[in-house]
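One structure is given below, encoded as structure tokens.
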Amino acid sequence: MQKNERELTSLTSLYFRLLMAIVFLPFFFQLAAAATDILEVSSVDVPQGAVILIVDGLSSSYLYPELVPYSLDGRVLPKVKSDNLSFIMEQSCRVLDVRAPQTYTEAGHSVLVTGYTKALSDSVSGSGTTIYDIAHEYGYYTFAVMQKGDSSAICSKQDVIIHDATNSINEPEMLVITNIRDSGQKQIPLKVAALMQDSLPSLNEHLSGFPEGSQQRYDIYDNWAIDTAMDVMDHMQANYPEQHYLLTVNVGGVDSAGHYKKDKGYIDSIEGIDAACMDLYRKCEENNLAFIFVSDHGMAFPSPDSRGGHQAAKYSGTNEAQKVPFVISASGIKDGVIEGSYGQEDIAPTILEVLYLPDELRLSDGKAIPFRDHTVLKVSVPQKGRLELISNGETAYETMANDDILLRGVATGSSYIIRYTSEDGAIKYLEKEFFLEGSQHIDLRTPQDASKSDLFLRNPRYIIGSLLIIAVNITGLLLIRKIMKE
């Protein structure tokens, strides 16, 4: 009797394991089938990734040649003198008027990566909310070197990040965090983490050679972050040249200088990273990486030779606190100045546009800034079939599609028709007309003339899964009956 009970228990356990495996089998089939095909409608040069340099607290008022910074009492403040940054801006696409909707660090970084005007760190922590989530979906790695803006939510979105747990130039505490998303793909993150760890002694060694509060410490602190980022770039180029990635770099000395070293120290700290910015820009060019230069917020000063701020009410409404730089250099993007008024929330969707990734940021209320005449179109279909992209009555592109497909290099500023026919002929001539301004998602997965029950019957993976569940149930019941009789 005890033997039968043990056999029954063992069989019941096996039965439920098999049943659970079969229940989820259709979903595994679905995930396998959901891999996105990426096709080129016209030839485009897609960057290998992007380096996002966030100069914390930098206002475009002190940097852009068209702007003049003023103190709260109405006096003109000094501007940055930087040959290298001036050269980078001349050779890049620069957006003249971009304003931060929230002028403090947590909010600024959250808006930058989500494209949502009211974003805070809890907005970042959600799924599908950041540029990092979208990048991960398309096989990118995400790395970061951050001295400020390093909320736990931002850290959690990185495969590897080194960040300053104290946000202190006098006593920095740099920590390396590794988030392994896929146990089968941990080699790259672990090697990048080891490289970042090896960079720590040089920071402390160089800082110790200068007194606390000295300009040299501010410059060393900021330049170390950029140098560490370039070490990551060299490592990826040497060992994984085909791997796409996003690298976020935050330098925190400029913001701290504005608060503690007055307007002169603020300007000196910006000029202190001038040469390193050029080195980073050049390395991006060499490695076909987009170079993106931004800030989380600006800095305002009550008067010349005074300490600054950006969050308090007397500062937050000023141009100096709100206006942030946005400079892009990438293959296929023409240099020049984009005029018009934009928000910091437009930066995240624009970064995705630069990389030809679809803008599917879940919370975003921003919109990609137009800077070129081609974009990416994502199309989702209910099942395998033929897809046509029609322009001016003629077929511009056609292909077989299954689940999701990305069409890169589709010309903007035109009207199109997407026409879909299922391979089995059950769905004929599903059409949708649209005007394409930027990245767009056309979803044809729920056509009006095809019910969910019809889709279930046409999809063999659901039928197979149902039959297997029935078979396991019958087999299990028969075996249990046999044991009970014994």
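The values are calculated or read from the model by the stated rules, or taken from the named source; none is laboratory data. These figures come from a predicted structure and were not determined experimentally. Quick reminder, even Gly has a Cβ in these numbers, built from the backbone with ideal geometry, and neighbours come from all protein chains shown. For the accessible areas, the whole protein counts, side chains as well, though only heavy atoms, and no ligand, DNA or RNA atoms are used. Shrake-Rupley method; radii C 1.70, N 1.55, O 1.52, S 1.80 Å.
Using only the Cα atoms of segment 264-383, build the gyration tensor, take square roots of its eigenvalues as a ≥ b ≥ c, and label the shape rounded, prolate or oblate: rounded if a/c is under 1.5, else prolate if a/b is larger than b/c, else oblate. All intermediate terms of the calculation are to be shown ahead of the outcome.
Details: a/c = 2.84, a/b = 1.57, b/c = 1.81.
Oblate, because a/c is 1.5 or more while a/b does not exceed b/c.
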**Request:** Sticking with the crude label model, points 7 Å out along Cα→Cβ, report the distance from VAL76 to ARG181 in nm, one decimal please.
**Result:** 4.9
**Message:** How long are the semi-axes of the equivalent ellipsoid of segment 198-293, taking √(5λ) for every eigenvalue λ of the Cα gyration tensor, in whole Å from largest down?
**Reply:** 27, 16, 9
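Roughly speaking, what is the stretch gain from CYS155 to SER303, that is 0.36 nm per residue apart minus the C-alpha to C-alpha distance, in nm to one decimal?
Details: separation 148, 0.36 × 148 = 53.28 nm, distance 3.65 nm.
Contour length minus Cα-Cα distance gives 49.6 nm.
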**Message:** Can you find, among PRO65, SER92, HIS109, the residue sitting farthest towards the positive end of the charge dipole of segment 37-111, where Lys and Arg contribute +1 and Asp and Glu -1 at Cβ?
**Reply:** PRO65
**Item:** PHE143, PHE371, PHE435, reordered so the largest accessible area comes first (probe 1.4 Å)
**Value:** PHE435, PHE371, PHE143
**Separation of the SER43 and ASN287 label points, Cα + 7 Å toward Cβ, nm** = 2.6
**Message:** 7 Å from Cα along Cα→Cβ at both ASN392 and ILE417: what's the point-to-point distance in nm?
**Reply:** 1.6
**Message:** Quick check: with the 1.4 Å probe, what order do ASP159, ASP268 take by accessible area, largest first?
**Reply:** ASP268, ASP159
**Additional length obtainable on full extension of the chain from GLU437 to LYS118, 0.36 nm per residue less Cα span** = 112.4 nm
**Asked** In the neighborhood of THR166, defined by Cβ-to-Cβ distances under 13 Å, what is the net charge if each Lys or Arg adds +1 and each Asp or Glu adds -1?
**Response** -3
**Fill in**
Computed for segment 381-425: size of charge dipole around the Cα centre, +1 on C-beta of each Lys and Arg, -1 on C-beta of each Asp and Glu, debye to nearest 20, value 120
**Request:** Please work out how much length the chain gains when fully extended from ASN402 to TYR429, using 0.36 nm per residue of separation minus the C-alpha to C-alpha distance, in nm with one decimal.
**Result:** 8.1 nm
**Complete:** Of the candidates SER123, LEU200, GLN185, the farthest towards the positive dipole end of segment 117-247 (Lys/Arg Cβ +1, Asp/Glu Cβ -1, centred on the Cα centre) is SER123
**Message:** With a 1.4 Å probe and all protein chains left in place, how much of the accessible area of segment 301-386 comes from carbon and sulfur atoms, in whole percent?
**Reply:** 43
